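Here the structure comes first, spelled out in structure tokens, and everything after it is commentary.
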């Protein structure tokens, strides 16, 4: 007599990714397949960025050895300076790191035949690209967080701390800054923070842009209600047939320019966050000044961030095609070649924008546009 007992239920493991994109279990709109691909890309990017940033810190530390021993600047100070510049270097290197990390992560799936299994199970290339796109968006969010919130204050703090340890009465921002405020032109000779200037030249212009007077203060500090207190100020006024020179005194100068803005004007455009660049652009346009360098830096910063998505997408046709069975070294070489080419193109365009007075917005987006076109064309042709 046959037994009628029930068979014990079998447990099916759900740890492996479900290849069928439409039927895979979803969590908040993201399938297990998406999470699997995103994890592979982010882990590859994280591993490569860790190696890249370790090298960057070492290179920065070695470059600081020439300043060690000046004042109170020690080897420990140089190492701390290198660490504080790490977020800025991460922001600069993340687009290249995303490309190479995606090649490494997806390449590992290709070498293990997992991508082949996915394709044989009905997963389209567009579906794989969609999962890669999610990883790109995550990396963009990380890029914005590091580049806009973390890196700028740390870089500024690192410069100030280094300068204070090396010298007294230090000079920040490459020595000073020129700004225009209506009929005034100010030349800050030595910036010592956001509220103190060690030397300020004041040029007064007439409404028809004739020079009326030149004055110099040995030092200046921020007062109240948008006023600067000028100490040991001497001014030469130009009359019709003579020059009148006044004795040294303490004067008050009304100006819309703040010490913080002078710090922005003294910094290199590529070192400023997007919000700071926009402030300088608006100020230059209000005072009829050339803002092309800051416009280029502003849009280039945005374009470089958007380029991360296309860098990740570019890895998809590569690992499904010529690099499917290639080793990690080959994939890294291809990624470095593309990354260096984009970096050199960016620097070449930056120089051309300033020298030849070309449209900064168009040129800022050119490298990212080329990367996007190549990525989308290769994706469309992938089989």
- Query: Which order results if 334, 68 are arranged by neighbouring Cβ count within 10 Å, fewest first?
  - Reply: 68, 334
- Note on the structure: Two pseudo-spin positions, 7 Å from Cα along C-beta at residue 366 and at residue 240, lie apart in nanometres by 5.4
- Note on the structure: Computed from the beta carbon distance with a Förster radius of 45 Å, FRET efficiency for residue 187 and residue 374 to the nearest 0.05 stands at 0.50
- Query: How long is the gain from residue 268 to residue 252 if the chain were fully straight, where each residue apart is worth 0.36 nm and the alpha carbon distance is subtracted?
  - Reply: 2.8 nm
- Message: How would 336, 154 line up from fewest to most surrounding beta-carbon atoms within 10 angstrom?
- Response: 336, 154
- Note on the structure: Exposure-ranked with fewest Cβ neighbours within 10 Å first, 123, 312 stand as 123, 312
- Cα-projected label distance for residue 39 with residue 79, points at 7 Å along beta-carbon direction, nm: 3.6
- Please give the contour-minus-distance gain from residue 157 to residue 232: 0.36 nm per residue of separation, less the Cα-Cα distance, rounded to one decimal in nm. 24.0 nm
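Each reported figure results from applying straightforward, stated rules to the coordinates on display, with no laboratory input. If you're wondering where the values come from, they're calculated on a predicted model, not measured in any experiment. A quick note on method: Cβ atoms are made from the backbone with ideal geometry, for glycine too, and the neighbour counts reach across all protein chains shown.
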